[in-house]
1. Exactly one of (1) more than 18 Å from B:Ala148 (Cα to Cα); (2) in a helix (DSSP H, G or I) is unmet by B:Glu93. Its number?
2. Kindly indicate which of A:Ser16, A:Ser30 is closer than 29 Å to A:Tyr87 by Cα, among the hydroxyl-bearing types (Ser, Thr, Tyr) and more than 9 Å from chain B (Cβ to nearest Cβ).
3. Within the range A:48-65, identify whether any single residue is in contact with a strand residue (DSSP E or B) (Cβ under 8 Å, 6 or more places away or on another chain) and at the interface with chain B (Cβ under 7 Å from one of its Cβ atoms), and answer yes or no.
4. Being under 16 Å from the mean Cα position of the chain (by Cα) and within 13 Å of chain B (Cβ to nearest Cβ) is the filter; apply it to the range A:66-94 and report the residue that is nearest to B:Gly608 (Cα to Cα).
5. Given the conditions (1) closer than 27 Å to B:Ala17 by Cβ; (2) part of a loop (DSSP other than H, G, I, E, B), report the number of the one that B:Ala60 does not fulfil.
6. For the range B:148-173, how many residues meet the condition of being assigned to a loop (DSSP other than H, G, I, E, B) and away from chain A (no Cβ under 14 Å)?
7. Among the residues of the range B:564-574, which ones are in contact with a strand residue (DSSP E or B) (Cβ under 8 Å, 6 or more places away or on another chain) and more than 14 Å from every other protein chain (Cβ to nearest Cβ)?
8. Of all residues in the range A:1-13 being surrounded by 14 or more Cβ atoms within 10 Å (Cβ to Cβ) and among the small types (Gly, Ala, Ser), which is nearest to the other protein chains (Cβ to nearest Cβ)?
Amino acid sequence: MTRKQKRLAIIGGGVSFLIAAAFLVMFAFSQTVAYFYVPGDLEKASLAPGTRIRLGGLVETGSLKRGEGKTVTFNVTDTLGTVPVTYTGILPDLFREGQGVVAEGAFVADSPIFVADTVLAKHDETYMPKDVADRLKAQGVALSGKENIQ
Amino acid sequence: MIIELGHYALVLALATALIQAMLPIVGARRGDRALMELASSAALVCALLVAFSFAVLTFAYVTSDFSVRNVWENSHSLKPLIYKISGVWGNHEGSMLLWLLILVFFSALVAVFGRNLPETLKATVLAVQAWIAAAFALFVLLTSNPFARLIPAPGEGKDLNPVLQDVGLAIHPPLLYLGYVGFSVCFSFAIAALIEGRIDAAWARWVRPWTLAAWTFLTAGIAMGSYWAYYELGWGGWWFWDPVENASFMPWLAGTALLHSALVMEKREALKIWTVLLAIMTFSLSLLGTFLVRSGVLTSVHAFATDPTRGIFILAILVLFIGGAFSLFAFRASRLKSGGLFAPISREGALVLNNLILTTATATVLTGTLYPLVLEALTGDKISVGAPFFNMTFGLLMLPLLFAVPFGPLLAWKRGDLTGVAQRLFVAAAVGILAGAAYYYAMNGGPVLALFGIALGAYLIVGALTDLILRSGIGKVAANVAWKRLSGLPRSAFGTALAHAGLGVTLIGIVAVTAFETETVVEMKPGMMVDAGGYALRFDGMRQGRGPNYTEETGHFTVSRGGVVVTEIWSSKRLYTARRMPTTEAGIRTFGLSQLYVSLGDPMTGGGIVVRIWWKPLILCIWGGALIMMAGGIVSLSDRRLRVGAPARARRAPRIALGAAE
């Protein structure tokens, strides 16, 4: 091979690898990305059952049922809407009623219940997931104290 | 008073950095030796000043001086001493001061060990280091002053976030910063090369040890952070593809690429412009990481309470340095003469493949990390990009690289013999497949991909050793001759073999845990038994306890195998009193390379408690592999030819036949 051909071979190989990677990234985005919703958004969103989403809001006070087996149920609310959530497993240390939460999972077909497989753990007692704080603020929900928003 | 001295020292450090940033570079242009030599003394003075300032802050923490706002916000008089010390960098202000300290520490190292650098290059490198130092000193002083007073002083502090009250905090951030910030030296060398318009193999020889050192620290820092998250958070996960983790992983990937491209440049004078670009990109990713973590655009345990001015300030630093560096590159890169050509099938070709794949993989991680931020800024849509995305893109892209890794060291420079190398790797491939099949059989089946993954890991390990075996002639010549040859190999050959084998070990750990871990969530009452990984766990009951600044409830478990009691596990939930914050202290027991991991959940009505039990097969391989990679870095660094600042001093006669093969 001449110098030129060698260089072309290397550059051509590199470019085709990059193009393949770019397609892979776009494909992965279309398959794996989870959109964020608050309960009030869900009615207009009309999600297909099984679509993975992140559901954020406040844990409705008085709605948490635990101590009856491994599955816990609670309601996530943004005052405009309320969604019942079930989750099997151990809730994060800082999960509390009246506090912000993000649950990841999907709705089951023909059921209003959201089945979460991940409940976002929080790192700090004053931590409110930014997504939740923004949306709640936009909908005029009063947050208890400014330090709730990080 | 002492606090104000610490603050003042930081101001003086900024002034020194400004002098170091300007005069030496003028000296280098004019050939004024006095001005150039100023750089080294300024770098040392600056390092001492920042070190003093940092010591003052540490003193304030150790003596629980709550008249300092930062101490009040993040410390507590009852906290154990080690957490008082590590708490210095367990908050935004202190961690930025640590960042700065490590930066000026590296400048001082360049000043001390760079005696044989050409004097204009050294002066310019130190000046560029000082630009970064000045920017960050200004950032600390203007937006994140750790010495701000609080009058009147409160009687007690607010305590440190309990998650951070762990020995991990003492080790993880300093190691990570040594890595992150260590790449600033490579960046400064690259900028200096662009300013001087001259670059050669000697430049690569000076840059490589710095890259290697930074890379070794970063490897350790990331592995340590991963293990810390694993045992401290109680979720049993070791990597979450969290943006903050990605922020440290991207410089590591780019740094790994830089390590390999600098090799090509040193040996073959090729890939010059690319290496300079990669050096700039690596440190830019470090800066980007600092921005992501410290600006508050992300919420995580690393993003301490933030205010927007800080984010804007760091963004300005980011734009200035990255933008400036790339503009300089665009204007000056054409001046750097590009070097020799080589056949696609050669050692150089293999290293180019390494660079291509690593940088592409870095780009996908970067896309996945930034896309949600960009999308939200542009459309307001909030999305989460999580593990499935990264596994699909990053995982798939890295696969060909893992296959190719053992080929690299076996290929000759200039023109390699692919078939010959493939034949030599036949044994490694065979051992790999056997190991994969054996593990698969031992686990009683599972996903077929796991067999393949374990095989790939074993092939990497044996493939890495193949290079050493072939070069020493083990099995072909008498044992004492082989031993003599082996001990005569350059240290960097061992470093390469260790690092590549470590990669294989980590891969085996990842595959084994992903494919074969078991998770049981169960409600347990005292006396109940649960099986996990061939062990039986009996829950014996709960008991109360208290520590210096927390109360805890601990569950006791007896572990037995085949009816014989093997060990016990304690797992607890703590409540840190000052912040009223609960944490989970998982109970972990190691069996060989595997672990049992027990987390407590909520108490049940009727005396039971929810327990989450994981069996994590071969999980220690994940971090063990990282340790081996690190050892590879250290061994390579100790290579005589690479010793920082000592390439000229040859104490022994070169080992002819074997040394020349490298």
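Bear in mind these aren't lab numbers, they're just calculated from the coordinates by the rules spelled out. Quick caveat: nothing in here was measured; it's all calculated off a predicted structure. Positions of Cβ are backbone-derived with ideal geometry, glycine not excepted, and every protein chain shown enters the neighbour counts.
1. (1) is the only condition that B:Glu93 fails.
2. Values: A:Ser16 fails: closer than 29 Å to A:Tyr87 by Cα.
Residue meeting the stated conditions: A:Ser30.
3. Pass one, the range A:48-65, residues in contact with a strand residue (DSSP E or B) (Cβ under 8 Å, 6 or more places away or on another chain): A:49-60, A:63-65.
Still in the list and also at the interface with chain B (Cβ under 7 Å from one of its Cβ atoms): A:54.
Yes, some residue in the range A:48-65 is in contact with a strand residue (DSSP E or B) (Cβ under 8 Å, 6 or more places away or on another chain) and at the interface with chain B (Cβ under 7 Å from one of its Cβ atoms).
4. So the residue we want is A:Leu91.
5. (2)
6. Of the range B:148-173, the ones assigned to a loop (DSSP other than H, G, I, E, B) are B:148, B:150-161, B:165-166.
Pick out the ones that are also away from chain A (no Cβ under 14 Å) and you get B:148, B:150-157.
Adding up the residues that qualify gives 9.
7. Kept after step one, since they are in contact with a strand residue (DSSP E or B) (Cβ under 8 Å, 6 or more places away or on another chain), are these residues of the range B:564-574: B:565-574.
Selection gives B:Val565, B:Val566, B:Thr567, B:Glu568, B:Ile569, B:Trp570.
8. The first filter runs over the range A:1-13 and keeps only residues surrounded by 14 or more Cβ atoms within 10 Å (Cβ to Cβ), leaving A:6, A:9-10, A:13.
The next check asks that each one be among the small types (Gly, Ala, Ser); those that pass are A:9, A:13.
Details: A:Ala9: 5, A:Gly13: 8 Å.
The qualifying residue nearest to the other protein chains (Cβ to nearest Cβ) is A:Ala9.
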